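Input: a single structure, listed below in structure tokens.
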2 protein chains.
Amino acid sequence: MNTTESDFLLSALTTTNQFLDTEAVQAWVKRQNDEVVVNIHHKKLTELTNWHFDENTGDLVHDSGKFFSIVGIDIKTNWGKVSHWQQPIINQPEIGFLGIIVKKFNGILYFLMQAKIEPGNINYVQLSPTLQATKSNYTKVHQGKAPLFLEYFNGTKPANVLIDQLQSEQGARFLRKRNRNIIVEVTEELEVPSNFIWLTLAQIKELLKYDNLVNMDTRTVISCIKFGTYSEEVTEFYHTLSIGKGNTSSFELEMLISALSASKAKHSIDRIISWVTNLKSTFDLEVSKMPLKDVNHWTTDEYSIHHVEGKYFKVIGVEVEIGNREVQRWCQPLVESSQEGLMAFIVKKINGVYHFLVQAKLESGNFDVIEMAPTVQCLTGNYRQREYEPAYLDYVLTAKPEQIRLSSYQSEEGGRFYREQNHNLIIEADDDFREEVPENYIWMTLNQMLSFIQYNNYLNVEARSLISCIRFV
Amino acid sequence: MNTTESDFLLSALTTTNQFLDTEAVQAWVKRQNDEVVVNIHHKKLTELTNWHFDENTGDLVHDSGKFFSIVGIDIKTNWGKVSHWQQPIINQPEIGFLGIIVKKFNGILYFLMQAKIEPGNINYVQLSPTLQATKSNYTKVHQGKAPLFLEYFNGTKPANVLIDQLQSEQGARFLRKRNRNIIVEVTEELEVPSNFIWLTLAQIKELLKYDNLVNMDTRTVISCIKFGTYSEEVTEFYHTLSIGKGNTSSFELEMLISALSASKAKHSIDRIISWVTNLKSTFDLEVSKMPLKDVNHWTTDEYSIHHVEGKYFKVIGVEVEIGNREVQRWCQPLVESSQEGLMAFIVKKINGVYHFLVQAKLESGNFDVIEMAPTVQCLTGNYRQREYEPAYLDYVLTAKPEQIRLSSYQSEEGGRFYREQNHNLIIEADDDFREEVPENYIWMTLNQMLSFIQYNNYLNVEARSLISCIRFV
């Protein structure tokens with residue numbers, strides 16, 4: 001085992017925390033929430049301070065020209081049943097940091113998590129990465145202070161980079177947006193403000209059992225962690241750690257085996273690449289920017305940018321007040337879904353190892369036509385969602401309780417989305433479930449999905465969110 | 001060793017051919033060349049049959065709207081010394097097939113190569129993949145016959161897909177162009193026309209010692225082949241095969257070791273991904289299409305589209321006549337470079353294994369901002385080439401003869417480029433060569449480069465061309 005991978009694995013198997021046990025973390029988050037004053041008021045889009053509609057295009061833009069904007073796109077594709085449509089989308093071409101500092105205490109890696117308020121969050125405070133900064137933030141477009149701990153991520157202070165990958169965000173909502181997902185290890189003493197805590201990876205995964213407690217950005221960063229490949233050593237290690245603590249359940253051990261299984265996979269990596277290549281060669285995605293004011297079937301009034309039939313999502317305006325002593329105030333647009341979404345992986349044991357049924361999915365904002373998605377993903381706001389019935393949706397909706405291996409509501413990024421939560425599910429296939437699947441689906445072990453994640457733009461954020469929730473103890 | 005990888009390795013080590021030895025292949029190509037009548041006439045762009053300038057944009061397009069077109073692009077970037085420029089570029093959004101059929105004879109994989117004429121080739125006939133077809137070709141836009149052997153690549157006839165990847169083409173000349181590089185193994189008897197031959201991989205690599213004999217498309221397809229990782233078994237295997245045949249030279253064995261070396265690499269794959277991530281996060285590339293007629297510093301007359309100072313390249317028109325009995329005639333534009341290019345890898349032994357000095361390079365047509373390129377790449381037509389002095393160019397140009405490990409002229413794709421050849425070099429660093437390199441360079445083993453190739457858009461076509469030339473015997 002590579003040292004970094006085994007360090008991560010050990011942290012993923014360590015549920016006890018020398019600082020704070022997992023129940024106490026929930027209480028701590030609640031306290032953080034109680035202590036802070038948050039006011040979110042709806043506001044007319046035409047009255048958002050520092051924002052305006054561009055005269056020529058009708059795009060909703062920040063006065064600085066930075067941050068993000070709401071623009072129009074025109075989409076042509078031979079994928080699915082709708083071959084041509086137009087829609088508003090969030091344009092944020094800058095690459096930001098989603099960074100976590102880790103540090104060893106008594107040989108175990110701890111993750112430095114932040115209790116962070118986002119205006120769109122249902123419950124305001126969620127557990128966030130150490131650093132969450134857009135380029136506009138960290139280059140100080142808004143003239144504020146530099147974000148805390150930035151110096152460990154931009155090379156100013158020494159840190160050992162363990163993971164550093166570009167990962168996509170929601171392809172139905174963002175135009176080719178990517179963030180830099182980064183984990184750095186420090187050895188020096190850190191001064192940690194009161195809204196930060198150290199958690200093991202197992203604790204973060206345990207907290208993901210609960211609704212809307214761990215934010216999107218944390219989920220995408222930890223989904224990039226690989227744990228090596230299977231060896232006898234690992235099983236022994238596992239048993240030493242978890243048996244006797246009474247928390248070994250067979251499904252979690254099976255998930256660990258899937259996370260470490262390269263060799264028992266149904267398909268080779270080459271075969272999976274060929275599957276993606278074939279789909280990318282067959283299906284076109286032609287996206288061009290267009291003036292928001294000309295987008296078909298969408299209209300802008302002073303309160304929102306919305307679909308004429310109220311479908312998909314709308315863009316609204318809010319005024320935000322956050323803080324206790326020092327109050328921060330700003331205005332911004334947020335995207336509000338017209339309904340909750342659902343994302344589910346169906347899993348099945350094949351060759352003795354759990355495989356995940358992965359969907360190839362084309363979304364308008366995708367960087368490279370197709371990304372690997374959960375078996376079922378009907379994110380509200382996916383433009384064509386109601387135009388057809390997603391495969392396997394019925395199977396997921398009618399799963400028996402004993403088939404539901406994971407179920408929680410998780411929030412989308414509260415800096416852009418207004419109170420949006422999606423149902424995350426892992427469903428175990430029953431014995432009758434067919435191993436043969438339609439051409440845009442393929443079976444992969446968790447290890448294979450983790451291998452693809454590291455090479456950018458292979459797994460979409462919805463798949464990564466689900467992966468982050470998978471516990472090994 | 002994975003079976004496919006060891007099959008490829010065995011073919012890469014087999015220089016004897018039961019059908020045709022390597023010298024005879026050269027004679028055979030010459031005969032193919034002598035037998036065919038080829039006439040290429042320059043022709044006014046305004047008089048190219050089936051091509052016209054678009055009235056509104058001035059773009060040069062095919063009447064069908066298919067094949068390719070010459071369009072304008074506007075480029076903004078914070079990379080390099082020129083932050084904003086405009087240029088013509090080839091737009092060919094379709095993904096074509098570059099496919100090779102392989103088949104085992106007496107346990108050795110043979111590659112089915114085609115002697116193919118391309119209008120832009122210096123010497124007309126070059127060794128090409130079994131199938132070379134644009135989507136317009138194989139969907140019969142030109143009403144012709146379906147390309148030979150297409151049925152083994154599109155799933156109509158049974159074949160085992162060994163490699164199937166999307167790979168980029170010249171980022172300075174093509175706008176985000178990619179082709180499907182595919183190798184399929186067949187077991188049935190094939191009827192092979194007289195302009196096809198079966199060659200081992202070692203033979204193809206041997207023929208790459210010679211100038212302009214193996215075409216670009218062959219080079220990119222064979223560059224996608226991986227050979228597994230190092231084991232004792234491999235060295236034994238190697239010695240069994242090649243010692244006694246008198247063709248073991250230490251540099252070739254060293255290259256094989258580099259091709260198989262994952263563990264002795266200076267940097268981990270994670271570290272290399274972090275290096276790419278950092279550069280992609282730091283540097284922007286904003287490319288938008290624009291009317292060709294409005295492109296600054298470029299002008300169109302009836303004979304060519306050219307830079308006002310004669311720099312970089314020009315687009316010319318040709319009329320092509322090919323054939324002996326049945327003559328094919330067509331007109332098309334070709335891109336003509338204003339000078340030859342040079343692409344070179346500097347290699348150096350680090351930790352006992354040869355490492356390649358890889359450059360991160362931003363080119364206007366790149367799919368994802370940056371691709372990994374040879375240490376030195378001054379492709380003529382790279383827009384900014386003369387605006388600055390490429391790093392390491394002097395080192396390569398002043399290398400002593402004993403440092404030159406590989407040197408040949410190789411052609412760019414003769415279907416788009418007019419008599420363009422580039423000098424391909426591998427230069428061994430001397431002892432004084434510094435292991436510390438500028439931030440956009442990194443050392444990688446051949447094995448690491450081959451790992452990245454399979455994940456699309458990591459290594460550019462110039463790097464892949466050089467890699468294809470590396471012999472192991």
Report task. Just subtract the alpha-carbon distance of B:D211 and B:H239 from 0.36 nm times their residue separation and send over the number in nm, one decimal. Result -> 7.1 nm
Report summary line: Residue-ordered couplings for segment B:367-376, obtained by feeding phi - 60° into the Karplus form 6.51 cos²θ - 1.76 cosθ + 1.60 and rounding to whole Hz (Gly and Pro as x), are 5, 10, 6, 10, 10, 7, 10, x, 3, 10
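Based on the alpha-carbon gyration tensor of segment B:255-339 and its eigenvalue square roots a ≥ b ≥ c, which shape applies: rounded if a/c is under 1.5, prolate if not and a/b is larger than b/c, or oblate? Display every interim value, and only then the final one.
On the way: a/c = 3.50, a/b = 1.59, b/c = 2.20.
Because a/c hits 1.5 or more and a/b fails to exceed b/c, segment B:255-339 counts as oblate.
Quantify, in whole percent, the carbon and sulfur part of the accessible surface of chain A (1.4 Å probe; protein heavy atoms only).
Numbers: 8420 of 18100 Å².
Taking all protein chains in place, chain A shows 46 percent carbon and sulfur surface.
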Report task. Taking a label point 7 Å out from Cα toward Cβ, give me the nm distances from B:Y303 to the same spot in the other copies, shortest first, one decimal. Result -> 6.8
Report summary line: With the dipole of chain B defined by +1 on each Lys or Arg Cβ and -1 on each Asp or Glu Cβ, the option from B:I100, B:N50, B:V125 whose Cα lies farthest towards the positive pole is B:N50
Query raised in the report: For A:P193, which inter-copy label distances result when the label point lies 7 Å beyond Cα on the Cα-to-Cβ vector, reported in nm to one decimal and in ascending order?
Result: 7.1
Report summary line: For the pair A:K30 and A:S338, the simple spin-label estimate (label points 7 Å beyond Cα toward Cβ) gives in nm 3.8 nm
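Within 10 Å of each candidate Cβ there may be at most 11 other Cβ atoms; applying that plus a DSSP loop requirement, which GluC sites (Glu not before Pro) in segment A:1-101 survive? Write down the numbers at each step before the final one.
Details: sites: A:E5, A:E23, A:E35, A:E47, A:E55, A:E94; in loops: A:E55, A:E94.
In loop regions of segment A:1-101 (DSSP not H, G, I, E or B), the sparsely surrounded GluC sites (Glu not before Pro) are A:E55.
Considering Cα pairs under 8 angstrom that are at least six residues apart, work out the relative contact order of segment B:163-301 and quote it in whole percent. All intermediate terms of the calculation are to be shown ahead of the outcome.
On the way: 57 pairs, mean separation 21.8, N = 139.
Answer for segment B:163-301 is 16 percent.
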Requested in this report: Would you mind calculating the relative contact order of chain A from Cα pairs under 8 angstrom and at least 6 residues apart, reporting the percent as a whole number?
Outcome: 23 percent
Query raised in the report: Going down the list A:K76/B:K177; B:K266/B:K400; A:K177/B:K135, which pairs span over 28 Å between their C-alpha atoms?
Result: A:K177/B:K135
Query raised in the report: Applying 1/(1 + (r/R0)^6) with R0 = 25 Å to the Cβ-Cβ distance of A:N56 and A:Y303, what FRET efficiency is obtained, to the nearest 0.05?
Result: 0.65
Report task. Output ³J(HN,Hα) for segment B:85-91: one whole-Hz value per residue in order, computed from phi by the Karplus curve 6.51 cos²θ - 1.76 cosθ + 1.60 with θ = phi - 60°, and x for Gly and Pro. Result -> 8, 10, 7, x, 8, 7, 10
Query raised in the report: Points 7 angstrom from Cα along the Cβ direction at A:E321 and B:L20: gap in nanometres?
Result: 8.3 nm
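DSSP loop GluC sites (Glu not before Pro) in segment A:390-473 with at most 11 other Cβ atoms within 10 Å of their Cβ, which ones? Could you put the intermediate results ahead of the total?
Numbers: sites: A:E402, A:E412, A:E413, A:E420, A:E428, A:E435, A:E436, A:E439, A:E462; in loops: A:E412, A:E413, A:E420, A:E435, A:E436, A:E439.
Passing both the DSSP loop test and the Cβ count: A:E435, A:E436, A:E439.
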Report task. Would you mind checking which residues have amide H under 5 Å from B:L162's amide H? H placed 1.01 Å from N; only 5 or more apart, or other chain. Result -> B:I183, B:V184, B:E185
Requested in this report: Assign one of three labels to chain B, namely rounded, prolate or oblate, based on the Cα gyration tensor with a ≥ b ≥ c the square roots of its eigenvalues; rounded applies when a/c is under 1.5, prolate when it is not and a/b is larger than b/c, and oblate otherwise.
Outcome: oblate
Query raised in the report: When the Cα centres of segment B:1-67 and segment A:48-95 are compared, how far apart do they sit, in Å?
Result: 42 Å
Query - Distance between segment A:144-205 and segment B:112-188 - C-alpha centres, whole angstrom - result: 44 Å
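As an exercise, use a Förster radius of 60 Å and the Cβ-Cβ distance of B:K104 and A:E47 to find the FRET efficiency, rounded to the nearest 0.05.
Numbers: r = 73 Å, r/R0 = 1.22.
Plugging the Cβ-Cβ distance into 1/(1 + (r/R0)^6) gives 0.25.
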**Report entry** Globularity ratio of the protein assembly as shown, using Cα Rg and 2.2 N^0.38 Å
**Finding:** 0.96
Requested in this report: Starting from the Cα-Cα distance between B:N78 and B:K289, subtract it from 0.36 nm times their residue separation and give me the gain in nm to one decimal.
Outcome: 74.1 nm
Requested in this report: Place +1 on the Cβ of every Lys and Arg and -1 on the Cβ of every Asp and Glu in the protein assembly as shown, take the dipole about the Cα centre, and give the residue among B:S281, A:Q32, A:S83 whose Cα lies farthest towards its positive end.
Outcome: A:S83
Report summary line: Label points for B:P158 built 7 Å along Cα→Cβ; distances to same position in the other copies, nm, shortest first, come to 6.2
Report task. Give the chain A residue with the shortest beta-carbon distance to the rotation axis relating chain A to chain B, plus that distance as a whole number of Å. Result -> A:Y455, 2
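Please give me, ordered by residue number, the trypsin sites (Lys or Arg not before Pro) of segment B:159-242 that lie in loop per DSSP and have at most 16 other Cβ atoms within 10 Å. Walk me through the intermediate numbers first.
Details: sites: B:R173, B:R176, B:K177, B:R178, B:R180, B:K205, B:K209, B:R219, B:K226; in loops: B:R173, B:R176, B:K177, B:K209, B:K226.
Passing sites in segment B:159-242 are B:K209.
The values are calculated or read from the model by the stated rules, or taken from the named source; none is laboratory data. It should be emphasised that the depicted structure is a prediction, and the values quoted were computed from it without experimental measurement. All Cβ positions, even for glycine, are placed from backbone atoms using ideal geometry, and neighbour counts span all protein chains on display. For accessibility, only protein heavy atoms count, side chains too; no ligands or nucleic acids. Shrake-Rupley method; radii C 1.70, N 1.55, O 1.52, S 1.80 Å.
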